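For reference, the structure discussed in these notes is given below.
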Amino acid sequence: MSRKYEGLIILNTKGIDSSLDELVQTVGKEIEAEGAKLDEVKPLGRRPFAYPQKHAESGHYVNYFFSAEPSAVAAIQTRLKLNPQVELQHYQVR
């Protein structure tokens, strides 16, 4: 049974050659590759961290709204952990 999820993903653009829009699309494609269906992508802008994360002072926050099977969320998390531009990820059921 498919459920609706909201994923808050923080992207690190330090040291990349592509634009932010391309990075947001790439992460969206990685989410879809695990069987999820993207409903909406909402960039929230660059925000500072309360304390440095992996030697970064700030990151680009993006909300991904998608539908997926519960087992797909774990696969998405594992896949995005391998992406060096993904600083942090948090998912919740909507």
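The values are calculated or read from the model by the stated rules, or taken from the named source; none is laboratory data. Given the structure is predicted, the values throughout are model-derived calculations rather than measurements. Note that each Cβ is placed from the backbone with ideal geometry, even for glycine, and that neighbours are counted across all protein chains shown.
If I go through the stretch 47-64 residue by residue, how many of them are in contact with a Gly (Cβ under 8 Å, 6 or more places away or on another chain) and surrounded by fewer than 16 Cβ atoms within 10 Å (Cβ to Cβ)? Break it down into steps so the answer makes sense when it comes.
Residues of the stretch 47-64 in contact with a Gly (Cβ under 8 Å, 6 or more places away or on another chain): 47, 49, 53, 60-61, 63-64.
Going one step further and asking which of them are surrounded by fewer than 16 Cβ atoms within 10 Å (Cβ to Cβ), we end up with 47, 49, 53, 63.
Residues meeting the conditions: 4.
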Checklist outcome for this item: Counting only residues in the stretch 5-39 that are more than 12 Å from the chain's Cα centre (by Cα) and of a type in the set (D, E, K, R), the one surrounded by the fewest Cβ atoms within 10 Å (Cβ to Cβ) is identified as Asp17
Item to check | Tally, over the stretch 1-21, of residues that are of a type in the set (D, E, K, R), within 17 Å of Tyr61 (Cβ to Cβ) and modelled with pLDDT of 90 or more | outcome: 2
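One residue is enough: does the stretch 82-94 have a residue meeting the conditions under 13 Å from the mean Cα position of the chain (by Cα), modelled with pLDDT of 95 or more and surrounded by 14 or more Cβ atoms within 10 Å (Cβ to Cβ)?
Let us first name the residues in the stretch 82-94 that are under 13 Å from the mean Cα position of the chain (by Cα), namely 82-92.
Those still in the list that are modelled with pLDDT of 95 or more too: none.
Checked the stretch 82-94: no residue is under 13 Å from the mean Cα position of the chain (by Cα), modelled with pLDDT of 95 or more and surrounded by 14 or more Cβ atoms within 10 Å (Cβ to Cβ).
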Item to check | Residue selected from the stretch 23-52 under the condition touching a residue at least 40 places away in the same chain (Cβ under 8 Å) and touching a Leu at 6+ places or on another chain (Cβ under 9 Å), by the criterion farthest from Thr78 (Cα to Cα) | outcome: Leu23
Checklist entry - Restricted to the stretch 45-66, and to residues that are more than 16 Å from the chain's Cα centre (by Cα) and not hydrophobic (A, V, I, L, M, F, W, C), which residue is modelled with the highest pLDDT? => result Pro48
Next on the checklist: Looking at the stretch 71-82, I want the residues that are closer than 18 Å to Glu6 by Cβ and have a partner that is part of a helix (DSSP H, G or I) and among the hydrophobic types (A, V, I, L, M, F, W, C) with Cβ atoms under 9 Å, at least 6 apart or on another chain. Which pairs are those?
Outcome noted: Ala72/Ile31; Ile76/Ile31; Ile76/Ala33; Arg79/Ile31; Arg79/Ala33; Leu80/Val27; Leu80/Ile31
Item to check | Test: Glu69 is acidic (Asp, Glu) and under 14 Å from the mean Cα position of the chain (by Cα) | outcome: no
